[in-house]
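Notes for the one structure printed next.
Rule-based calculations on the coordinates, nothing more; no lab input. All values reported here derive from a predicted model rather than from experimental measurement. We place every Cβ from the backbone using ideal geometry, glycine too, and count neighbours over all the protein chains shown.
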């Protein structure tokens, strides 16, 4: 069973990388960030961190960004998201505000971190395509909402003996 | 149990620490060794996804700009007719043809060029090309189009490379400014033509030139040539625009307009002379 899970993980990485490069090229849109925010809280943190580390290194390798750029940005926004869930509960509808901030910050911090780590200094934020980031973040929140809606129908094995009210 | 819970609370911080550690590791010599196997394994998938995305993007752009393409097509028909007439005249000038041929043979003897396609444009003023170590590209190789400088190879993967354009904030070069009326067919020492020296730096959407002599006679339209030890040879960067006229300043500054729009170039040539 573990071997099958491992194989599925490797296939998932390949498919996800294809989709990531495909959508980045068309709309500068990241699937990776949606997958991470959707998996957050649904799988064990340890597994999420393994996925984050592996996929971040792959993205750094193929996109020629300094090693650790994607991981550093992700680690920062994950911490910020966890901090926000203290103020805005994850079950609340306002949680989508946290999701929006998570995605929007990811889009902004990625080119900034890349520039800083490459020795190019702090870039002019207003030179970045902020409107594009904003629209991408809104679309990402909508996709997360759809994923949330559908995952409600999928029952967790560990909680299968409990009655769900909503 | 309590200990496990407290560890879970701090797991994010451990993760951030790990990320910082990875960044430090990446900046050391080990970084390349970590990236190489991932790059070797996953770059074909990335390139395939990128190419598929480009096809969709091109069709999307073509549909959105259909009317402008028709206008452009009609205009280009006229331009092609003009160019054909001009090229016939030029070929008649046999001496010029011979000198060009000789020049080309000299260039080929000295350096090897690799023809390569541009895969992707990055937001930070870099491009990714579809040639890497397997094609003999090394870090520091110069990317050209004719005698026009396009960029320098900054990072090399197995089949792709990152090229830093002059637009990148990380790029800066020593340049010289010469009059635009220079006749390149005459054999003249370039030093006798120099109006001023200067330094160019990238600023993502523009190339800034600074430190030009306050008493120099530089003006809009002058040619800016790269003459930097890291590049090795003299290459054309662009034309000078927006020259400052501030009497309080100790130097003149301005902008450089590239010969080509970097984001419209499809094919470039890499001159193989860098080191690993």
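Assuming 0.36 nm per residue, please report the length gained on full extension of the stretch residue A:96 to residue A:125 beyond their Cα-Cα distance.
Extra length available between residue A:96 and residue A:125 comes to 8.0 nm.
Anyone know which of A:59, A:105, A:19 comes out most mobile in the 10 Å Cα GNM of chain A?
Most flexible of the set in this elastic network: A:19.
Ranking B:250, B:160, A:53 by Cβ neighbours within 10 Å, fewest first, what do you get?
B:250, A:53, B:160
With chain A treated as a Gaussian network of Cα nodes joined by springs under 10 Å, which of A:13, A:138, A:112 yields the largest mean-square fluctuation?
Greatest mean-square fluctuation among the candidates belongs to A:13.
Mind giving me the FRET efficiency for residue B:33 and residue A:152? R0 is 45 Å, r the Cβ-Cβ distance, nearest 0.05 is fine.
With R0 = 45 Å, the Cβ-Cβ based efficiency is 0.50.
Separation between the residue B:182 and residue A:45 pseudo-spin-labels, each 7 Å from Cα along Cα→Cβ, expressed in nm?
6.2
With contacts defined as alpha carbon pairs under 8 Å and 6 or more residues apart, what's the relative contact order of chain A in percent?
Computed value for chain A: 18 percent relative contact order.
Under 10 Å, Cα contacts only: if you run a Gaussian network model on chain A, which one of A:51, A:126, A:14 comes out with the highest mean-square fluctuation?
Taking springs between Cα atoms under 10 Å, the residue moving most is A:126.
Sorted by mean Cβ packing within 10 Å, highest first, what order do the peptides B:111-122, B:162-173 take?
So the order, starting with the most tightly packed, is B:162-173, B:111-122.
Take peptide A:12-22, look around each residue's Cβ out to 10 angstrom, count Cβ atoms belonging to other protein chains, and average those counts.
Going residue by residue through A:12-22 and averaging, the value is 5.
Express in whole angstrom the spacing between the alpha-carbon centres of the stretch A:77-134 and the stretch B:51-84.
The distance from the Cα centre of the stretch A:77-134 to that of the stretch B:51-84 comes to 37 Å.
Could you work out the mean count of beta carbons from other protein chains within 10 Å of each residue's beta carbon in B:33-40?
Counting Cβ atoms of other protein chains within 10 Å of each residue's Cβ and averaging gives 4.
Would any residue of the stretch B:240-254 have its amide N under 18 Å from a label point 7 Å out along Cα→Cβ of residue B:190? List them or say none.
B:240
Classify the stretch A:35-95: rounded, prolate or oblate, from the alpha-carbon gyration tensor (a ≥ b ≥ c, eigenvalue square roots; a/c under 1.5 rounded; otherwise prolate if a/b is larger than b/c)?
Here the stretch A:35-95 falls in the prolate category.
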